[in-house]
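S.K.: First the structure, then my questions, so here it is.
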Amino acid sequence: MRREKPSASMGVVLALLVALCAVVLSSCGKSLEPVGTQTPTQPKMVQTTSLPKAPSAAEVADLKQCRDLVDSGKYAEALRLCEGAVKKYPKSAEAKYLEAYCLQATKQRLDDAVALYDQAEKQGFNKFWVSYNRGLLYLWGLKDKEKGRADLERALTLTDDQKMTETIKKVLATAE
């Protein structure tokens, strides 16, 4: 079988394809080098962070018991359990949030409640609920209107819930 020379039009098409490949590769930060001239590169190290450890069954059960007591309005009893949960599970943002909430509800150690809300937020607890409850604590418990308003205004930016938005706006209006 006899090979024919490529026609001129075939050469033009080939040149266009090479130019197109060069453009595409250059937009990706690559270059078109002849085969065999590329230098091998070391794979880049990817920094990973370890996934948070899932709570144990005991932690889940303890926190559920705390939440149930809070939900039923038994704040003093819940506070005792939450204090124990914070000691037992120091990395639990929820335990810190619940203890802060109970301290606020029972009007005890309000400065500790603020610190616990801060820690819960830093450990990943829902920023809306921390801002909302800490704002109420500052406003009504600690009589610090400036910090209370700042937290409540921040909470407004963190919710799409119309009912909560209206509630916060009413609280802010009374704080003037």
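S.K.: List the pairs whose first member sits in the stretch 153-176 and is closer than 12 Å to G135 by Cβ and of a type in the set (F, W, Y), whose second member is outside any helix (DSSP H, G or I) and modelled with pLDDT of 95 or more, and whose Cβ atoms are under 8 Å apart, counting only residues at least 6 apart or on separate chains?
M.R.: none
S.K.: Just to check your reading of the model, which residue among E77, E99 is closer than 30 Å to K53 by Cα, at pLDDT 95 or above and surrounded by fewer than 18 Cβ atoms within 10 Å (Cβ to Cβ)?
M.R.: Selected residue: E77, the only one of E77, E99 that is closer than 30 Å to K53 by Cα, at pLDDT 95 or above and surrounded by fewer than 18 Cβ atoms within 10 Å (Cβ to Cβ).
S.K.: Helices (runs of 4 or more DSSP H) wholly in the stretch 42-151 with at least 1 residues that are more than 24 Å from A173 (Cα to Cα) and in contact (Cβ under 8 Å) with a residue 12 or more places away in the chain - which ones?
M.R.: Helices (runs of 4 or more DSSP H) meeting the threshold: 57-71, 75-88, 93-105, 110-122.
S.K.: Are any residues in the stretch 154-166 surrounded by 15 or more Cβ atoms within 10 Å (Cβ to Cβ) and part of a helix (DSSP H, G or I), and if so, which ones?
M.R.: Once the filter is applied, which keeps residues that are surrounded by 15 or more Cβ atoms within 10 Å (Cβ to Cβ) and part of a helix (DSSP H, G or I), the stretch 154-166 yields R154, A155, L156, M164.
S.K.: Do we have any residue at all in the stretch 168-176 that's among the small types (G, A, S), within 20 Å of L69 (Cβ to Cβ) and outside any helix (DSSP H, G or I)?
M.R.: No, every residue in the stretch 168-176 fails to be among the small types (G, A, S), within 20 Å of L69 (Cβ to Cβ) and outside any helix (DSSP H, G or I).
S.K.: Separate question: Within the stretch 135-148, identify whether any single residue is surrounded by 18 or more Cβ atoms within 10 Å (Cβ to Cβ), within 28 Å of A54 (Cβ to Cβ) and modelled with pLDDT of 95 or more, and answer yes or no.
M.R.: No: the stretch 135-148 contains no residue that is surrounded by 18 or more Cβ atoms within 10 Å (Cβ to Cβ), within 28 Å of A54 (Cβ to Cβ) and modelled with pLDDT of 95 or more.
The values are calculated or read from the model by the stated rules, or taken from the named source; none is laboratory data. Note that the structure is a prediction, hence the values are computed from the model and not measured. Glycine also receives a Cβ, built like all others from the backbone with ideal geometry; neighbour counts cover every protein chain displayed.
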